[in-house]
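Computed from the coordinates by the stated procedures, all read-outs in this text should not be read as laboratory data. All values reported here derive from a predicted model rather than from experimental measurement. With ideal geometry, Cβ positions are generated from the backbone for all residues, glycine too; neighbour counts draw on all protein chains shown.
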Amino acid sequence: MKYLLLAATGFGILIAVWLFSPWLLSPAKQPVAVINGHELGLQVVRTPEEQSVGLSGRESLAENAGMLFVYKKPFIPGFWMPDMRFSIDIIWIDKNRKIVGIEDNVAPQTYPDIFQPSLPVLYVLEVNANWAKNHNISIGDEVMLTP
C-alpha cells in the first residue's frame with residue numbers, strides 16, 4: 001500500500017511537470033519601449049561594464065530595436081562614439097519617463113565629442129539614426145517601458 005501511494009504521488013508530479021512545462025520553459029518576454037504607439041524591442045544595460053560598451057563594435061541595430069541604459073539615480077551622463085560603426089539617435093529620458101532631449105543622427109565620426117543631456121536623466125535610449133524624426137518623436141513625449 002505504501003509503495004502504491006508513493007508511485008501515485010510520483011506519477012502525479014510527472015503529470016504536473018508535463019502539463020506546466022511549456023509555461024516553465026517559455027522564454028522571458030523581451031523588454032519593450034512604446035513611444036507614441038511605436039514599439040521598440042530593447043536590450044537593457046544596467047551595469048557600468050555593459051554601459052561602457054553599449055553598441056560599440058556592432059555592425060547594425062535591427063530596425064525597431066534599441067538599447068536602453070538604466071541608471072540607479074538621475075544624473076547627467078556623457079555619451080561618445082568610440083568603435084561605433086553606424087549612426088544613432090540618443091534619446092534622453094527623465095525619471096518620469098518623459099523625453100527631455102534628443103541627439104539626432106550622431107555619427108561615428110563625431111568621436112571623441114561627448115554628448116550630454118541638459119537635465120538629469122534616469123534612462124538613455126539609443127536607436128537607429130533618424131528613428132525619432134521618422135516616427136515624430138519629440139521632447140515631452142512619454143516612454144512606456146514593459147515589463
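Taking Lys73 as the anchor, which aspartates and glutamates have their alpha carbon closer than 15 Å to its alpha carbon, excluding any fewer than eight residues away along the same chain?
Filter leaves Asp94.
Points 7 angstrom from Cα along the Cβ direction at Lys72 and Gln51: gap in nanometres?
It works out to 1.0 nm between the two label points.
Order these peptides, 50-60, 121-131, by their mean beta-carbon neighbour count within 10 angstrom, highest first. The partial results should precede the final answer.
Values: 50-60: 13.3, 121-131: 21.5.
Top of the packing list down: 121-131, 50-60.
Which value in Å does the Kirkwood hydrodynamic radius of the range 28-146 take, with 1/r averaged over all unlike C-alpha pairs and then inverted? Could you put the intermediate results ahead of the total?
Numbers: mean 1/r = 0.0707 Å⁻¹.
Evaluated on the range 28-146, it is 14.1 Å.
Taking R0 as 22 Å, what's the FRET efficiency between Asn36 and Phe115 from their Cβ-Cβ distance, rounded to 0.05?
0.45
Among the listed pairs Lys29/Lys72; Lys95/Lys133; Lys72/Lys133, which have their C-alpha atoms separated by more than 25 angstrom in this model?
Over 25 Å Cα-Cα: Lys72/Lys133.
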